[in-house]
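Before any comments, here is the structure.
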Amino acid sequence: MNNKTLKLNVILFFTLVGIFIIDQNIKMLFVDGFRYYTDCIDLILVYNKGVAFSMFAFLDEWLKYMQLVMVFGILIYIIKLGQLCYAFPAGLLLGGAFSNVYDRFIHEGVVDMVYWHCGFNFAVFNGADVMIDIAVAWFLLLNFKPALCKN
């Protein structure tokens, strides 16, 4: 294994594991009963049986296995791609994705807790969702500005 591949794997692994651990610990606060209410944002516990905006909830048990296959597919793709600039955003995406899939196996739904209702009602989401969104934006930036990826 060359130095670049080792560096990619280390960054990917530690980012993935770090996001997973942080997200699971935050979610456990809410599973254990923590709640907080304000005029704009409520921190509550909701189990999402689907994906974004509860889509595909009708897939029940199949959804978690389909997501698990997709997440492992992304992991394999990123490792085979071998681009060091994708390691950190891939770690964010995969850490959040594994955390949400883990919830499906343990809680039979994704643990969501942030409810925005200031001016308009938005879907309830969690930290893993935010990490996934940041990673997708980062990937788009890297793809539209290839000069940012110099390896």
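For this structure, a couple of remarks:
- Filtering the range 96-117 for residues that are assigned to a loop (DSSP other than H, G, I, E, B) and either buried (at least 16 other Cβ atoms within 10 Å of the Cβ) or without any contact (Cβ under 8 Å) to a residue 24 or more places away in the chain (or both) leaves a non-empty set.
- First in the range 61-75 and of a type outside the set (D, E, K, R), second anywhere and surrounded by 17 or more Cβ atoms within 10 Å (Cβ to Cβ), Cβ under 6 Å, 6 or more apart: Q67/V101; L68/V101; V71/A97; L75/L94
- Boolean, Y77 is of a type in the set (S, T, Y) and closer than 21 Å to M131 by Cα: yes
- D39 passes every criterion in (1) in a helix (DSSP H, G or I); (2) over 16 Å from the mean Cα position of the chain (by Cα) apart from (1).
- From the list K27, K49, the lone residue that is surrounded by 15 or more Cβ atoms within 10 Å (Cβ to Cβ), over 23 Å from A90 (Cα atoms) and within 19 Å of the chain's Cα centre (by Cα) is K49.
Every number in this text was worked out from the coordinates using simple rules, so none of it is lab data. Quantities reported herein were computed from a predicted structural model and do not represent experimental measurements. All Cβ positions, even for glycine, are placed from backbone atoms using ideal geometry, and neighbour counts span all protein chains on display.
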